[in-house]
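*Asks:* Below are the C-alpha cells for one structure; questions will follow.
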Amino acid sequence: MDCTGHRVDWTSLGGIGLRARELAAEISRVADVVVFSPHSRPEELGAGIRLVTREADWADELRRSDLVYSFDSPSPERLAAVVDSGTPVIVENAPPLEHALYPSLVRDANREDAYRHTVEAYRTQLAAGTFFTCRSAVERATLVANLCVSGRVTVEAMQPSGTLDGLISTIPIGFSPSAATAARRELRRRVREKTFRVAWSGGLWTYLDPVFALDAARIARSRGVPVELEFLYGSEHADNAAVLSELLDAVEKRRCGDFVTLRRTPLGRAEYFRVLARTSALVCIGRRGVENDTCVRLRARDSRLFGLPTVLDRHGPTFDELSRDGLAHGADDPEEGADALEAIYRDRGDRAPADSYSYRRTAHDLCTWIEKGSWGR
C-alpha cells in the first residue's frame, strides 16, 4: 500500500491515512501487507502488517510485491515505477479537484504546471489500474465516467452484469471492527453531562466554513443550550493558515473564547475514542463548490462510528448519505444551525456504531478479489 504523503501513525493521522490503515487490517486477513509511508513515524499497525518509512526501501518493496494499492496524490516517480514493473495495481482516488484550491498551489508561480502534474498522475492511475475502489456512490459515478473517457470501459467489461463490479468495488467510508469495539467500550463509559459537547472533527480547509459553526454555537448558547465547541485538528499548515486565521479572529471579535477550544496537538488513539464518545454532536459546514459536489467527506467515519448527529450544509453528497443514515441535520445559515444543535440537545439518546459500515462487511469483495488471485499477472 503506497500511502504517498499520507501518514498512518496516530501522531499525525488524516482521513486517507486512517482509511488506508484500516483497509490494511482487513486485507491482512488474506495477504501479507506492507504499508509504505515515508513520512510516518514507526508504529505497530497490527498482525500481518509491516510499516515501511524509509524512502530508500521502495524499490526492494516493489520488487517483492504481488500487488500495489495506490491512493490519493500518488508520487509520480513511484507510480511510474509500478507501471514499469508490470505489477497489478489497485487504485483508490478521486478527481483531484480540491488541489486546485490549495493556497500553497495558488501562490505558486508555476501553479498550472504543478496542477497539471497532479492531474496527469491521476490519469496514469486510471490507465494503469487493474482494479478500483471508491468511497461513495458519487465517487463511483465520477470514476466510471473518467474510466469511460480514458478508454477503460469496453464492451467486454460491460457484459457480465453492466455494473462493472469486476473492475470496481464501492467501500463506503467506515471503520475497522477493532475501532467499533473501542467505540462501544468508550460509549458504555460515557456519563451524561450537563455540558453539550460539539466537535468539528476534521481539518480546516478552504472549501469548509468553520466560522458558520462558531456562529451557530453562539446563537444556540444565547437560547440556553450549554454548547462547548471544540475544533479537534487546529494545528496550522500552509493550506489552512487563512481559514484558521479567520476562525481565530472570529473567536476573538465575537468573544467566544470561553466556550471554544482549538486543539493544537494531535489526538492519540485512546484520546480520540474518549473525546468522540463524550461528544454529543458533530458539525461540518462546506462551502458551495465542485469539491463538495463530488465527494463524501472522510469525517463521515466519525458520525458512523459513534452514531453522532451531524450538522451539515445541504449542498452535497455528504448530507445525502448521512441523511440516509439518520444522522444529518441540515443547515443553510447559522440560525438554522443553532436550531439543529438545539434539537439534538433536547433529544440526546443512546448511540452505537453503524455496523453496516464495518470494513469487515464492506471490504469483503475486495478481499475476495485479492484472495482468489483475480489480479494474476
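*Asks:* Please tell me if Ala183 is part of a helix (DSSP H, G or I), under 30 Å from Ala338 (Cβ atoms) and assigned by the TED database to the domain that holds Ser245.
*Replies:* Yes.
*Asks:* Then there is this: Go through the residues of segment 190-198 one by one and say whether even a single one is within 28 Å of His315 (Cβ to Cβ) and over 25 Å from the mean Cα position of the chain (by Cα).
*Replies:* Yes, that holds for at least one residue.
*Asks:* Considering only residues that are open to solvent by less than 30 Å² (accessible area, probe 1.4 Å), part of a loop (DSSP other than H, G, I, E, B) and modelled with pLDDT of 95 or more, which ones fall in segment 314-337?
*Replies:* If the condition is that a residue be open to solvent by less than 30 Å² (accessible area, probe 1.4 Å), part of a loop (DSSP other than H, G, I, E, B) and modelled with pLDDT of 95 or more, then Leu327, Ala331 are the ones that fit.
*Asks:* For Arg135, which of the numbered conditions (1) outside the structural domain of Arg269 (by the TED database); (2) surrounded by fewer than 17 Cβ atoms within 10 Å (Cβ to Cβ); (3) within 21 Å of the chain's Cα centre (by Cα) fails to hold?
*Replies:* Single failed check for Arg135: (2).
*Asks:* Pull out all pairs, ordered by first then second residue, where Cβ-Cβ is under 8 Å, the residues are six or more apart or on different chains, the first lies in segment 278-294 and is over 30 Å from Val191 (Cα atoms), and the second is polar (S, T, N, Q) and buried (at least 21 other Cβ atoms within 10 Å of the Cβ).
*Replies:* Taking only residues 6 or more apart or on different chains, the pairs are Gly286/Asn292; Gly286/Thr318; Asn292/Thr318.
*Asks:* What do you reckon, is Val311 buried (at least 22 other Cβ atoms within 10 Å of the Cβ), in contact with a Pro (Cβ under 7 Å, 6 or more places away or on another chain) and either over 22 Å from Leu13 (Cβ atoms) or in contact (Cβ under 8 Å) with a residue 12 or more places away in the chain (or both)?
*Replies:* When the stated conditions are applied, Val311 does not pass them.
*Asks:* Specify which of the listed residues (Glu246, Glu228, Glu156) is touching a strand residue (DSSP E or B) at 6+ places or on another chain (Cβ under 6 Å), of a type in the set (D, E, K, R) and either under 24 Å from Glu98 (Cβ atoms) or not in a loop (DSSP other than H, G, I, E, B) (or both).
*Replies:* Of Glu246, Glu228, Glu156, the one residue that is touching a strand residue (DSSP E or B) at 6+ places or on another chain (Cβ under 6 Å), of a type in the set (D, E, K, R) and either under 24 Å from Glu98 (Cβ atoms) or not in a loop (DSSP other than H, G, I, E, B) (or both) is Glu228.
*Asks:* I would also like to ask the following. Which condition does Ala109 not pass, out of (1) buried (at least 19 other Cβ atoms within 10 Å of the Cβ); (2) assigned to a loop (DSSP other than H, G, I, E, B), if it passes all the others?
*Replies:* Ala109 satisfies every listed condition except (1).
*Asks:* Still on this structure, I have one more. Checking Arg297 against (1) under 19 Å from the mean Cα position of the chain (by Cα); (2) within 23 Å of Ser12 (Cα to Cα); (3) outside any loop (DSSP other than H, G, I, E, B), which single condition isn't satisfied?
*Replies:* (3)
*Asks:* Same structure, new question: Could you tell me which residue of segment 59-89 is farthest from Ala128 (Cα to Cα), considering only residues that are buried (at least 18 other Cβ atoms within 10 Å of the Cβ) and touching a Pro at 6+ places or on another chain (Cβ under 8 Å)?
*Replies:* For segment 59-89, the residue satisfying everything is Asp72.
The values are calculated or read from the model by the stated rules, or taken from the named source; none is laboratory data. Keep in mind that what you see is a predicted model, and the values were worked out from it rather than measured. Ideal geometry is used to build each Cβ from the backbone, glycine not excepted, and the neighbour counts take in all protein chains shown. Side chains included, ligands, DNA and RNA excluded: accessible areas come from the protein's heavy atoms. Shrake-Rupley method; radii C 1.70, N 1.55, O 1.52, S 1.80 Å.
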